[in-house]
């Protein structure tokens, strides 16, 4: 019987019945009014025990819908219009409720994108694992719970089991989610964008963990992701989906080396990559950190020439009087026409710094001076309410999530007209024409002015966001993770649009991102931040070719690119360096500054 | 608006029909009622339903059907005025309080708490005993009593809108609090405000009728649902329709409001403007 979970450790019975998972000509549609809209059309694939199968595609390609059918799950209103899903030889949609319960979590386990949300917030982590074990009829005492947590390499499991989910970091929550998923020793593991919410270092660690576990338990694994790098590192076989159809399904190495389908080629072209230049050197950090101090002033603000648009010195920002500051004594400088990128994981203070430049969070100390083209200058340390109109106009913000950055009740034209009116950029009679010009400039038809944001796609909304920022006629654009929510092909278009506009308008950009490959693509200079501190700054070429701060090196090493068939080798789980406070700066090449550090062993 | 409300379900349609029916009858009452609602006819007192008097007559011989038709005019007028003012003021203040936060939020919300802690009917009785039972006195008293509750509900909804990026974008442009509240926040809590309006209206009409029942609202011999119930309850066994008529009218109006607010809530609960479903 397929429900027997003991199979997992022993490969023989599964191999005897053939593939652990077989999806045969599966078609799914959902009902919209009277019409049936196909979500998936004749999707077929098979996964053998111990193998990993990757489904890649952009949003709306139907990849998640297909993946969840392995758990006999369909969205409300959807129905199977053809084909079947076999798990261990059984059609999952033909199971009775009792067997279905045994299937879910017992035979097939799911790790969803955001484990933090899939854990019960009011229940201790240990109790949840215990429940996951006992609900599948497994014996579970305290030692079993701790073993499950230990298996996903969480530290201090005894203490951790007593904590509540909110007391864990995102990466730890994701590990607990994986621990729960594998607790009942499933023979099939479904990973739905398992690391999308994590930073690169944690992502690499979590993926390595899943890969090792699935090899150890001989699970058949299905990984769904929009990230070609992740799938490339994890899967043995990859299928590319678009509009509910599998376009091509081939062994990973072949697919990435020689994509057959034009769409796959397009996808691979659109994925920004670090390029070959950086990989080898980046992992070798500067030797002898902490000894070789350079008395150079921190951010290389040597040339205070007229080409500097923005210069910040010693900026600190605290949300609470007590506790560590969100941004800790950061210096930065943006030259005219330049793109400066800030890279860091969530909590690094990069967004706080950007919001403070936009005047939304007041800086606790330090100076932030801007020197506009037309002689407008001023102190950006002031909150927006106390800035002059010219100063507010100078700095414009583009948001991460275009869905929430536009008022859903106001038309596109109204959104763009507002800054025109507020800053008096053009005469009232010219407003209408200017809105149409701006729409055309960001690549949208002028007729889109009448639409509501809900009638636009994600990429189109982001274009409106850009048009709204341009409407103020700014000199500095702050782009806060503007492509994170977009598909790769859309991301490529938006980045191209932005760099084009930057050239034609002579804009400077502060580009905030956690994606190193995107940064390598668009930025002139990069700043690396962690825990509110600036660790490294320099030209893109210098930073990406090294030598680097050990943190930057670990970021670079953890990057997964399409075509990399192996995951990064054992990424450092624990930070192997400690901050050298106050510390000095190393300058391996002109303008490339690295904060000194101490080896963790010296503590 | 018509497009957004399509598909709110049969409950919503029934609710709207009940409300409109009541409002229409109240508006047309002077022309469609068969008798003068205050004209007494001692010869025809306490009669059961007949061809001349469909619902019978009360102890003064007044036609119950005519009185019931006219009886909603006062209550509905006060309800409309009081609810509109209370919800408008509450929605604006609620958004403003949510947006500004800080000490302003603290002060306003403590005042709200204080008002909410006074039993509604007691507060109204005190106001009416001191200032008399003129229509505007009652309207303003109801506004004072119900605005705080609206503030609280709208504030809750506005707080989640306040942290969205389009509000942040407006702040970063340097917009003032007024335009932000009116342009960015208020339109996006309009679903909550609409549902709140229907709910409040049903409570207000009951409250007004209660006041009349207690003798503090409409004055005899004016026809009013609450007053009619008070006058005729002793004769419940003799002319049941004199009590049941106004009760049925009041109940149908309140049920209509509840069904409507339910349908609105279901239809607007998932913000269609957000999800893009038209």
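Just so you know, all these numbers are worked out from the coordinates, no wet-lab data involved. Quick caveat, the model's predicted, so the values are computed rather than measured. Cβ: placed from backbone, ideal geometry, glycine included. Neighbour counts: every protein chain shown.
Relative contact order for chain B: what is it in percent, counting Cα pairs under 8 Å that are at least 6 residues apart? Display every interim value, and only then the final one.
Numbers: 397 pairs, mean separation 83.2, N = 278.
Relative CO of chain B lands at 30 percent.
Per residue, what volume in Å³ does the Cα convex hull of the stretch A:415-483 take up?
Working: hull volume 6.1 nm³, N = 69.
Enclosed volume per residue, from the Cα hull, is 88 Å³.
Report, as a whole number in µm² per second, the diffusion coefficient that Stokes-Einstein gives for the stretch A:453-603 at 37 °C and 0.692 mPa s using the Kirkwood radius over alpha carbon pairs.
Answer from the Stokes-Einstein relation: 187 µm²/s.
Tell me, what is a quarter of the convex hull surface for the C-alpha atoms of the stretch B:82-232, in nm² with one decimal?
Details: hull surface 38.3 nm².
Seen from a random direction, the Cα hull of the stretch B:82-232 projects 9.6 nm² on average.
Round to the nearest 10 and give me the degree value, 0 to 90, for the angle of helix A:200-217's Cα axis relative to the longest principal axis of chain A.
Result, in degrees: 10.
For the stretch B:131-217, what Kirkwood radius comes out of the mean inverse Cα-Cα distance, in Å? Kindly include the intermediate steps, with their values, before the conclusion.
Numbers: mean 1/r = 0.0662 Å⁻¹.
In the stretch B:131-217 this quantity evaluates to 15.1 Å.
Compute the distance from the alpha-carbon center of the stretch B:88-134 to that of the stretch A:398-460, in whole Å.
39 Å
Antiparallel versus total DSSP beta bridges in chain A: what percent is that, nearest 5?
Numbers: 54 of 91 bridges.
Around 60 percent of the beta bridges assigned by DSSP in chain A are antiparallel ones.
Quick check on chain B: helices-only [θ] at 222 nm, where DSSP H runs of length 4 and up contribute -39,500 (n - 2.57) each and the sum goes over total residues. Nearest 500, please.
Numbers: 11 runs with 195 residues, N = 278.
Calculated from helices alone, the mean residue ellipticity at 222 nm is -23500 deg cm²/dmol.
Could you let me know the centre-to-centre spacing of the stretch A:69-143 and the stretch A:18-47, using Cα atoms, in angstrom?
20 Å
Determine the percent antiparallel among the DSSP beta bridges restricted to the stretch A:431-547, to the nearest 5.
Working: 6 of 11 bridges.
If we restrict to bridges inside the stretch A:431-547, about 55 percent are antiparallel.
Take chain B, connect every pair of alpha-carbon atoms lying under 10 Å apart with a spring to form a Gaussian network, then pick out the residue of B:89, B:242, B:218 with the largest mean-square fluctuation.
Ranking B:89, B:242, B:218 by mean-square fluctuation puts B:89 first.
Work out how much length residue A:430 to residue A:167 would gain on full extension: take 0.36 nm times their residue separation and subtract the Cα-Cα distance, in nm to one decimal. Numbers along the way, then the final one.
Values: separation 263, 0.36 × 263 = 94.68 nm, distance 5.45 nm.
Gain on stretching residue A:430 to residue A:167: 89.2 nm.
Working from Cα positions, state the angle (0 to 90°, nearest 10) between the long axis of helix B:240-269 and the longest principal axis of chain B.
20 degrees
For the stretch A:11-110, restrict the atom set to alpha-carbon positions and state the Rg and Dmax in Å.
Rg then Dmax for the stretch A:11-110, in Å: 13.9, 48.
Applying a 10 Å radius around every beta-carbon, put A:586-593, A:91-98 in order of their mean neighbour count, most first. The partial results should precede the final answer.
Working: A:586-593: 17.2, A:91-98: 13.0.
Going by the mean number of other Cβ atoms within 10 Å, highest first, we get A:586-593, A:91-98.
Taking the 0 to 90 degree range and rounding to the nearest ten, how far is the long axis of helix A:142-151 tilted relative to the main principal axis of chain A, both from C-alpha atoms?
Between the helix axis and the principal axis of chain A, the angle is about 60 degrees.
Could you check which residue among B:67, B:233, B:176 shows the biggest mean-square fluctuation in a GNM of chain B with a 10 Å Cα cutoff?
For chain B, modelled as a Gaussian network with Cα springs under 10 Å, the answer is B:176.
Add -39500 (n - 2.57) for each DSSP H run of 4 or more in chain A, then divide by its residues: what number comes out at 222 nm, to the nearest 500 deg cm²/dmol?
Details: 23 runs with 203 residues, N = 603.
Dividing the helical sum by the residues of chain A leaves -9500 deg cm²/dmol.
Three principal axis extents, largest first, for the C-alpha atoms of the stretch A:465-517, in Å?
28, 18, 18
When the C-alpha atoms of the stretch B:190-238 are aligned to their principal axes, what extent does each axis show, in angstrom, from largest down?
Computed over the stretch B:190-238, the largest-to-smallest principal extents equal 47, 23, 15 Å.
Fully extended, how many nm does the chain gain between residue B:23 and residue B:60 (0.36 nm per residue separation, minus their Cα-Cα distance)? List each step's numbers first, then the result.
Working: separation 37, 0.36 × 37 = 13.32 nm, distance 2.69 nm.
Here the answer is 10.6 nm.
Could you give me D for the stretch B:1-126, from Stokes-Einstein at 37 °C and 0.692 mPa s, where the hydrodynamic radius is the Kirkwood radius over C-alpha pairs? Units µm² s⁻¹, please. Working shown, then result.
Details: Rh = 18.9 Å.
My calculation gives 174 µm²/s for D.
In whole Å, what are the extents of the stretch B:217-268 along the principal axes defined by its C-alpha atoms, from largest to smallest?
On the principal axes, the stretch B:217-268 reaches 45, 24, 11 Å in Cα extent.
Using only Cα atoms, locate the centre of the stretch A:202-243 and the centre of the stretch B:241-269, then give the distance between them in Å, rounded to an integer.
Answer, in whole Å: 56.
Ratio to report: Rg/Rh of chain B, with Cα atoms as the point set and Rh obtained by the Kirkwood method; give two decimals. Walk me through the intermediate numbers first.
On the way: Rg = 22.0 Å, Rh = 20.6 Å.
Ratio value, two decimals: 1.07.
Mind pulling up the Rg/Rh value for the stretch A:92-223? Radius of gyration and Kirkwood radius, both on Cα.
Values: Rg = 14.0 Å, Rh = 14.8 Å.
On the Cα set of the stretch A:92-223, Rg over Rh gives 0.95.
Output needed: percent of Cα pairs per 20 Å distance bin for the protein assembly as shown, bins running from 0 to the one holding the longest distance.
It works out to 12, 34, 32, 16, 5, 0, in whole percents.
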